[in-house]
2 protein chains.
Amino acid sequence: MFNNPEVVNAQTRELILSTAARIGYLPNESARTLATKRSHMVGLIWDTDHRRPGWRHPFFQEILIGLKTALSERGYHLLMLATSEDGTPDSFLRAVRRHNLDGVVFIDNGRADPSLQPLAESEVPCVSLDRPVRGPWTTYVTSDNVGGAREAVRHLHAIGRRAIATITGPAGTRPGAERLRGYLDELAALGLAHRPELVVEGDFYLSGGHTAMRALLELEERPDAVFAAGDEMAIGALRAVTEAGLKVPEDIALVGFDDIELAALVPPGLTTVAQDKAGFGTAAAAAVITMINEGATPAPRILPTSLVVRGSTG
Amino acid sequence: MFNNPEVVNAQTRELILSTAARIGYLPNESARTLATKRSHMVGLIWDTDHRRPGWRHPFFQEILIGLKTALSERGYHLLMLATSEDGTPDSFLRAVRRHNLDGVVFIDNGRADPSLQPLAESEVPCVSLDRPVRGPWTTYVTSDNVGGAREAVRHLHAIGRRAIATITGPAGTRPGAERLRGYLDELAALGLAHRPELVVEGDFYLSGGHTAMRALLELEERPDAVFAAGDEMAIGALRAVTEAGLKVPEDIALVGFDDIELAALVPPGLTTVAQDKAGFGTAAAAAVITMINEGATPAPRILPTSLVVRGSTG
DNA sequence: AGGTTTCATGCAACCGGTTACATGAAACCG
DNA sequence: CGGTTTCATGTAACCGGTTGCATGAAACCT
């Protein structure tokens with residue numbers, strides 16, 4: 001009755017529903033789940049290593065809100081899965097099976113986590129963020145890292161800079177690699193020479209950006225612009241430039257990536273490639289629900305980025 | 001058997017467990033929940049108004065990790081409850097009943113939210129953060145806002161400041177009111193006169209701090225120190241001081257509250273009253289589990305704060 | 001040894017839904 | 001009008017655990 005309302009005639013249905021409301025009837029989700037093997041719950045795996053302080057994705061909250069809102073509009077709830085105490089690699093898969101979760105979303109730090117593999121290889125619909133995962137029922141959502149990086153470099157070129165350096169993400173992270181690719185592609189497209197000494201590896205954090213910038217400033221022919229593959233690194237770089245007695249953007253123009261809250265707040269304002277944070281959540285929700293309901297694996301979703309120009313590029 | 005292992009003898013138990021592991025037996029949580037009416041899940045209500053961008057509690061992630069970790073150690077999972085589409089005031093309560101949730105934690109913005117009232121008045125164990133809630137099975141976790149504020153003022157006095165102003169939280173928020181109380185109490189304890197014009201209301205955000213500071217700078221006898229009831233406001237105030245051509249800490253010493261990540265990053269470093277973020281999560285978890293298992297309502301938990309001294313107070 | 005108590009084990013009902021199937025009434029056919 | 005098809009409604013089994021009770025064996029008593 002509550003699943004196929006059309007099988008009973010309208011008048012009877014009306015009576016039932018009004019009575020149900022009157023006496024406060026509430027369907028029991030556990031009974032429904034037990035009978036149908038569908039829980040209308042999606043698992044969220046985040047921070048797989050609970051000993052570490054958790055990956056400080058700077059806009060986790062916004063992703064989470066988007067995800068939660070989009071799921072709830074379709075009648076799904078979000079269950080946060082904890083790493084189980086035993087630490088066996090299939091602990092997530094077991095938790096999913098025990099709870100009859102209909103699908104899973106994972107947010108890791110952009111590196112492959114072995115404890116997710118059993119899940120990915122199972123029949124459980126999985127959506128990962130920022131990184132493809134190998135498995136029959138998996139897809140992922142990511143930003144257009146290559147395109148965003150290209151736009152950043154193009155912007156620096158457009159304001160007259162020619163010695164454009166980059167501070168990359170750590171080797172082995174997917175977003176880091178893609179943003180580097182975009183940097184190189186755009187240099188080539190603009191006809192600028194690729195100077196290997198202008199590519200310095202960072203760690204996505206403030207200190208890594210600071211260190212990398214100092215290295216760049218010590219070059220004989222120092223750059224007049226830097227594209228940092230993350231805002232925190234860009235802010236670290238900004239500090240290093242200031243400490244060296246140079247000015248942003250006069251001496252060095254700076255572009256970051258992410259558009260974290262701080263980017264707008266740090267003087268003189270950080271130009272950056274904004275990611276669609278809420279879009280991550282809604283796209284992930286849409287993908288997992290498609291898998292659940294249609295039984296088809298949607299193609300990876302590449303979200304567009306947008307350049308936000310602030311004081312650090314004039 | 002899986003609930004009372006001691007009722008069968010050790011050898012048999014061993015056999016069962018090993019066989020269970022071998023054939024990959026997994027207990028079905030829905031069946032268990034249906035039979036026992038206990039789901040081993042705790043609901044999380046956060047961001048009750050899903051039309052707004054969500055309350056940007058600056059350390060939501062840390063609270064969440066603490067909560068999730070502490071709950072999972074006791075065998076509980078966290079279900080994020082979405083505001084239901086119908087918007088009726090008892091929608092949360094209905095969701096809790098449908099899922100047989102064992103308890104609920106809510107993180108709101110420090111103001112009473114009417115949609116939480118039916119839940120609070122029910123038999124469901126509820127723990128709220130930063131704010132007491134009226135109901136038979138409710139308790140709360142908060143920081144020692146009064147004590148923290150007093151320590152901040154005492155510190156400013158200790159470094160020689162005597163004209164100590166405060167930028168408060170918005171009227172009507174509990175933490176805001178308590179921090180103001182601490183400010184006033186400590187002034188009295190130190191024998192400093194309370195000058196009403198040195199108390200300016202803010203909004204917990206950057207812009208409010210900025211505006212409030214400008215008002216303070218226009219006073220005839222301007223303060224030589226400011227205690228802001230939140231770090232974001234303190235940073236806004238810092239900016240206003242700098243813009244006015246004055247120096248922190250030489251002309252104005254500044255203390256904030258919260259210890260958000262940014263506090264350490266903004267030059268010259270913000271002295272602030274640090275809250276125990278992870279402690280919020282673990283304390284909330286402990287409280288809700290006590291209510292569930294012991295059937296007793298624990299007393300409100302007041303977490304100690306600690307003063308972190310940085311450049312803004314010399 | 002016969003009768004009673006103690007305890008382990010097996011069995012069946014139950015939790016609250018879903019679903020496949022049986023039943024019976026109404027609508028249709030020649 | 002008898003026989004078949006169509007459709008609505010009622011019934012019972014099932015999902016996979018938990019729990020209270022009945023059963024029967026072992027241990028105890030006089």
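For the reader, a short list of remarks on this structure follows.
- Within segment A:125-141, restricting attention to residues that are among the β-branched types (Val, Ile, Thr) and at pLDDT 95 or above, the residue that is farthest from A:Val104 (Cα to Cα) is A:Val141.
- Residues being hydrophobic (A, V, I, L, M, F, W, C) and more than 26 Å from B:Tyr183 (Cβ to Cβ) - total across segment B:266-293: 9
- Hey, B:Thr297 touching a residue at least 12 places away in the same chain (Cβ under 8 Å) and buried (at least 23 other Cβ atoms within 10 Å of the Cβ) or not: no
- Scanning segment B:137-164 for residues that are open to solvent by 50 Å² or more (accessible area, probe 1.4 Å) and over 30 Å from B:Ala283 (Cα atoms) yields B:Ala158, B:Ile159, B:Arg162.
- Condition broken by B:Glu73, with the remaining ones in (1) open to solvent by less than 70 Å² (accessible area, probe 1.4 Å); (2) at pLDDT 85 or above; (3) more than 15 Å from DNA strand C (Cβ to nearest atom) satisfied: (1)
- Residue satisfying all of: in segment A:24-48; of a type in the set (Val, Ile, Thr) and buried (at least 22 other Cβ atoms within 10 Å of the Cβ); nearest to the chain's Cα centre (by Cα) among these: A:Ile45
The values are calculated or read from the model by the stated rules, or taken from the named source; none is laboratory data. In this text the structure is predicted, and so the values were computed from the model without any measurement. Backbone-built Cβ (ideal geometry, glycine too); neighbour counts: all protein chains shown. For the accessible areas, the whole protein counts, side chains as well, though only heavy atoms, and no ligand, DNA or RNA atoms are used. Shrake-Rupley method; radii C 1.70, N 1.55, O 1.52, S 1.80 Å.
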